[in-house]
């Protein structure tokens, strides 16, 4: 099932922030290589730069130095419009706070990334139906985010991430706002997606979660990679 | 992507704050729309009141301006000999002197003060044709009639004539205490000038009021209405000689239908300009309100903007989302304003009709509605340009990192 080859590569990536007079190196010369179909966890305490690393991979942020390759393309040199297209087609984001649009229904939240890519209504309906079924959300399609539980909201967020069938899913503390049982269910969904061939990069501070699900765990501290553990 | 759906949902979510923002646009558009629909009605009403439909009649009044009171004795009055002299002019078909006098009508023990206008026995047919009047009951005055009066249609109905008793042809009525026979009631004209008129032959009215040789207005019909300004010049020249005044210091006014109309229009235009200025200020305030609301909205929705960017929204798409939402704010304000403005115009026209006794039909101007809607959308979206640019430029990371 797994395709071969490198899909994400960070080469000597640095990201600096100016806070007053000081320069903070949120990410400091890191090198990460992710193969197609990998389940990668980025671990670290808060302030370690793990979220910044994820935003960089997700092309929401641009590195101060270094290069990031996605599927062979250097995304660190692309313009805003191209980056938006990559975020829309090649990457699916999942956030700790779910980040659904409150004024849209479950189904509209799922079709939103498709409509941003100008996909026709018929195709959107068809795809949304499949994704809703897959994540067992069909009976919640017309509900608004505030009408469903946290676990369901996170499943909607995963559904939205799958909307344009991206190869890479980036998850930022996906279980951080959920109790352990619903969290487990969400993780099982991610694991299943990984088995189907999606590349998953998950940021977490939860040691057990990282080791239970990920193939490779990168430990970050003060913006630097401290250690890399691979599943035997 | 469906920007309109988005815009509507967001406006719904914002609720009362959106509505408050719209007051400026609402007032502005309501003012413009009601003014436009009232203005049309007002013009038609005023024009018909002055009997300006007949385009071949010139009228002459003594006084420095056409708005001075007829018969006011400060000015040197026009006389019947002026009328005769004007009648001699080659460009003039005929000229009729008319006098308006305040009189006392008494009927059914009720007294009313009103004005009566004299009818020249010699030109009665021509006068009727100028005024385009006919009798609904009885007949018009005809030569040889004495102590007879012709009344406008308003005097007929017992409910509205103020006498509490139907007044029709054949009845006796007291004019300044003297008994007159009502010879006829005129057809309803829809203009108070005719419907409230009391017409008496010149010799009878002179006997009652004693104005001697003086006349208040000379109505002149020209031979050829294409040469109406030539006729006007002839009359002015003649009267300057007769009254011994120089060009520029005339103590009389010769007005053609066009000049009367243009005076009326000047007044109406002044009112319109005033209302348009107020409307513009309201709309400007409305636009500032929209800028304010949208700017606040961008700050409040930074997170949403971040989410949109994370799922692939381009800056241009974020811009359009806010831009269209802002336009919608404008269009909603405009739509409410149009509804109110149209209602004001509609009922205002009905009120004008009641007041003047005119029969102007309230009109709903669809192109005005269309352009007002378009205009309010343009104002709204223009006000949204800067907030929308600000939204598009949001850094998604900052937006996403804020705790919700």
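All of (1) at pLDDT below 95; (2) in a strand (DSSP E or B); (3) crowded, with 16+ Cβ neighbours inside 10 Å hold for residue A:209 with one exception: (2).
Would you mind stating whether residue B:323 is surrounded by 15 or more Cβ atoms within 10 Å (Cβ to Cβ), under 29 Å from residue A:98 (Cα atoms) and away from chain A (no Cβ under 14 Å)? Against the criterion (surrounded by 15 or more Cβ atoms within 10 Å (Cβ to Cβ), under 29 Å from residue A:98 (Cα atoms) and away from chain A (no Cβ under 14 Å)), residue B:323 qualifies.
Out of B:373, B:329, B:299, one residue alone is assigned by TED's automatic domain parsing to the domain that holds residue B:38 and over 20 Å from residue B:14 (Cα atoms). It is B:373. Does the range B:156-175 contain at least one residue that is within 23 Å of residue B:111 (Cβ to Cβ), free of Cβ contacts under 8 Å to residues at least 60 places away in the same chain, over 27 Å from the mean Cα position of the chain (by Cα) and in a helix (DSSP H, G or I)? No, the range B:156-175 contains no residue that is within 23 Å of residue B:111 (Cβ to Cβ), free of Cβ contacts under 8 Å to residues at least 60 places away in the same chain, over 27 Å from the mean Cα position of the chain (by Cα) and in a helix (DSSP H, G or I). Do we find a residue being at pLDDT 90 or above and crowded, with 17+ Cβ neighbours inside 10 Å anywhere in the range B:187-197? No; the residues of the range B:187-197 include none that is at pLDDT 90 or above and crowded, with 17+ Cβ neighbours inside 10 Å. Scanning the range A:212-232 for residues that are without any contact (Cβ under 8 Å) to a residue 12 or more places away in the chain and part of a loop (DSSP other than H, G, I, E, B) yields a single hit, A:232. I'm trying to understand the selection: among the residues of the range A:137-153, which are under 21 Å from the mean Cα position of the chain (by Cα) and within 14 Å of chain B (Cβ to nearest Cβ)? Of everything in the range A:137-153, those that are under 21 Å from the mean Cα position of the chain (by Cα) and within 14 Å of chain B (Cβ to nearest Cβ) turn out to be A:145, A:150, A:153. For the range A:173-201, filtered to residues that are assigned to a strand (DSSP E or B) and farther than 21 Å from residue A:137 by Cβ, the residue that is farthest from the chain's Cα centre (by Cα) is A:199. Restricting the range B:304-314 to residues that are crowded, with 22+ Cβ neighbours inside 10 Å and either in a loop (DSSP other than H, G, I, E, B) or within 48 Å of the chain's Cα centre (by Cα) (or both) leaves a set whose member that is nearest to the other protein chains (Cβ to nearest Cβ) is B:312. Residues that are within 26 Å of residue B:315 (Cβ to Cβ), crowded, with 23+ Cβ neighbours inside 10 Å, away from chain B (no Cβ under 13 Å) and touching a residue at least 12 places away in the same chain (Cβ under 8 Å): does the range A:12-31 have at least one? There is at least one residue in the range A:12-31 that is within 26 Å of residue B:315 (Cβ to Cβ), crowded, with 23+ Cβ neighbours inside 10 Å, away from chain B (no Cβ under 13 Å) and touching a residue at least 12 places away in the same chain (Cβ under 8 Å). In summary, residue B:142 fulfils each of the numbered conditions (1) closer than 30 Å to residue B:80 by Cβ; (2) crowded, with 17+ Cβ neighbours inside 10 Å with the single exception of condition (2).
Scanning the range B:285-299 for any residue that is within 14 Å of chain A (Cβ to nearest Cβ), closer than 15 Å to residue B:390 by Cα and either in a helix (DSSP H, G or I) or at pLDDT below 90 (or both) turns up at least one such residue.
Checking residue A:41 against (1) within 18 Å of residue A:227 (Cβ to Cβ); (2) more than 14 Å from the chain's Cα centre (by Cα); (3) part of a strand (DSSP E or B): exactly one of these is not met. Which one? Failed condition: (2). Is one or more of the residues making up the range B:252-259 more than 20 Å from the chain's Cα centre (by Cα), at pLDDT 85 or above and within 14 Å of chain A (Cβ to nearest Cβ)? Checking the range B:252-259: not a single residue is more than 20 Å from the chain's Cα centre (by Cα), at pLDDT 85 or above and within 14 Å of chain A (Cβ to nearest Cβ). Considering the range A:51-136, the qualifying helices (runs of 4 or more DSSP H), each wholly inside and each with 2 or more residues that are more than 10 Å from every other protein chain (Cβ to nearest Cβ) and either crowded, with 21+ Cβ neighbours inside 10 Å or touching a residue at least 40 places away in the same chain (Cβ under 8 Å) (or both), run over A:106-116, A:121-134.
The rows are residues; the columns are (1) surrounded by 23 or more Cβ atoms within 10 Å (Cβ to Cβ); (2) in contact (Cβ under 8 Å) with a residue 60 or more places away in the chain.
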site: B:290; (1), (2): yes, yes
site: B:296; (1), (2): no, no
site: B:316; (1), (2): no, yes
site: B:348; (1), (2): no, yes
site: B:365; (1), (2): no, yes
site: B:374; (1), (2): no, no
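Restricted to the range B:3-58, the set of helices (runs of 4 or more DSSP H) holding at least 1 residues that are at pLDDT 70 or above, more than 14 Å from chain A (Cβ to nearest Cβ) and closer than 30 Å to residue B:267 by Cα comprises B:23-49. Is the range B:264-281 home to any residue that is out of contact with any strand residue (DSSP E or B) (no Cβ under 7 Å at 6 or more places or on another chain) and under 30 Å from residue A:95 (Cα atoms)? Taking every residue of the range B:264-281 in turn, none turns out to be out of contact with any strand residue (DSSP E or B) (no Cβ under 7 Å at 6 or more places or on another chain) and under 30 Å from residue A:95 (Cα atoms).
The values are calculated or read from the model by the stated rules, or taken from the named source; none is laboratory data. For clarity, every value in this text was computed on a predicted model and none was experimentally measured. Every residue, glycine as well, gets a Cβ built from its backbone with ideal geometry; the counts of neighbours run over all protein chains shown.
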